[in-house]
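Okay, so here's the structure we're looking at.
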């Protein structure tokens, strides 16, 4: 019995030992939990890493494809042009832009017409190809190019991208076609101002669209002059170029609307550009005194120069008395005078103190003067049959032409027959009356690599 009990105890101890070994061989709860967390983390990491890897692989594939089929570096016309091809043709904007330019406002050329792009050769002769060429219109940095030549890669790198969250910088007819050597931009506007880029200015560029080709012919890009684009909210306060006689005086440079200079002029009943110009002729010292020391000499010159770009129109003012008769233009300048039977031209009258006194008197009674509007076929002024008026009409109002297309540039070439004194001190005189040639810049001045 004792031996049997001994064997039972040994079996019991062995079972207990085996049970303890089984318990010890089982994984702990913490290790199972750690394994589960590790597996979950790896799956999450793999899921997060997968799109990144896909993107990297895709970019590398695209880069390899683009590198394999890279376009030529010499010109924007690169689909069929061989490597290192020198452009033989170029695009060119026919005319300069009308300024100022505001966001949302239609952009036009200096003559207020639609912008035109022409295809020319190295001698700027227009070229007519027998097939159309597609163009892209793009915004460029205003300080590009730094020299007289550029590569198409430089052109591409200077295209301005819109700011985050903004519309494309140029909107409208940004894709067009050259036919018979000419492409017309129907309507194009800037959607953002130029204050946020390094140069504070934009250019408008034109390049041959990708995919358009012409049997390997290389065509150089075109660009306009650099221009400031202002926010449209400033259009209500914009200056006029050129100013008009009836414009409010704050339309002149350096005179802000409701600013100190505007208030000083208004207090002296100088409300329009015509008022400003009249006093600048009759008594410039008084006008300068009204503006005060706050307007520096440099500012004064800028304001006066802008005012003198004003188109004077075709009105004439008659001032007469018992022994004199004077014809004045709209800003109180003497066009012709007869005093005590002696005739004076405008230049001669400037040196006559008596004439100056008569002009000041006419200025003070300006609203009482007789007014006449001259046309090409009109006869002399009908004032008591005076021979001076007949002579004046015959000398100035026959065979009269004017080219108005470049008035905005402010350059005047005096070519008036008989009496060249009509154009005085830089003013743009009667636009429908006098033979004046305005000389301005054209697309010949555009920078290009030729």
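The values are calculated or read from the model by the stated rules, or taken from the named source; none is laboratory data. Being a predicted model, the structure only gives us computed values, none of them experimental. Note: ideal-geometry Cβ built from the backbone for every residue, glycine included; neighbour counts use all protein chains shown.
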Which members of the stretch 180-200 meet the condition of being surrounded by fewer than 15 Cβ atoms within 10 Å (Cβ to Cβ) and within 13 Å of residue 117 (Cα to Cα)?
180, 182, 186
Restricting to the stretch 324-358, name every residue that is part of a loop (DSSP other than H, G, I, E, B) and within 21 Å of residue 372 (Cα to Cα).
329, 330, 331, 332, 333
Determine which member of the set 162, 148 is in a loop (DSSP other than H, G, I, E, B), in the same structural domain as residue 220 (by TED's automatic domain parsing) and over 19 Å from the mean Cα position of the chain (by Cα).
148
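Do we have residue 283 as at positive phi and not assigned by TED's automatic domain parsing to the domain that holds residue 346 here? Show your work before the answer.
Values: at positive phi: no; not assigned by TED's automatic domain parsing to the domain that holds residue 346: yes.
Considered against the rule, which asks whether it is at positive phi and not assigned by TED's automatic domain parsing to the domain that holds residue 346, residue 283 comes out as no.
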Can you report the number of residues in the stretch 317-352 which are crowded, with 17+ Cβ neighbours inside 10 Å and out of contact with any helix residue (DSSP H, G or I) (no Cβ under 9 Å at 6 or more places or on another chain)?
1
From 207, 239, residue being touching a helix residue (DSSP H, G or I) at 6+ places or on another chain (Cβ under 9 Å) and under 27 Å from residue 149 (Cβ atoms)
207
Tell me which residues, restricted to the stretch 89-143, are without any contact (Cβ under 8 Å) to a residue 12 or more places away in the chain and buried (at least 16 other Cβ atoms within 10 Å of the Cβ).
108
Read through the list (1) touching a helix residue (DSSP H, G or I) at 6+ places or on another chain (Cβ under 9 Å); (2) closer than 22 Å to residue 249 by Cβ, then give the number of the only condition that residue 301 fails.
(1)
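Just a yes or no: is a residue in the stretch 260-270 closer than 26 Å to residue 359 by Cβ, touching a strand residue (DSSP E or B) at 6+ places or on another chain (Cβ under 7 Å), part of a loop (DSSP other than H, G, I, E, B) and modelled with pLDDT of 95 or more?
So in the stretch 260-270, the residues closer than 26 Å to residue 359 by Cβ come out as 261, 264-270.
With touching a strand residue (DSSP E or B) at 6+ places or on another chain (Cβ under 7 Å) added as a condition, the list becomes none.
Within the stretch 260-270, none of the residues are closer than 26 Å to residue 359 by Cβ, touching a strand residue (DSSP E or B) at 6+ places or on another chain (Cβ under 7 Å), part of a loop (DSSP other than H, G, I, E, B) and modelled with pLDDT of 95 or more.
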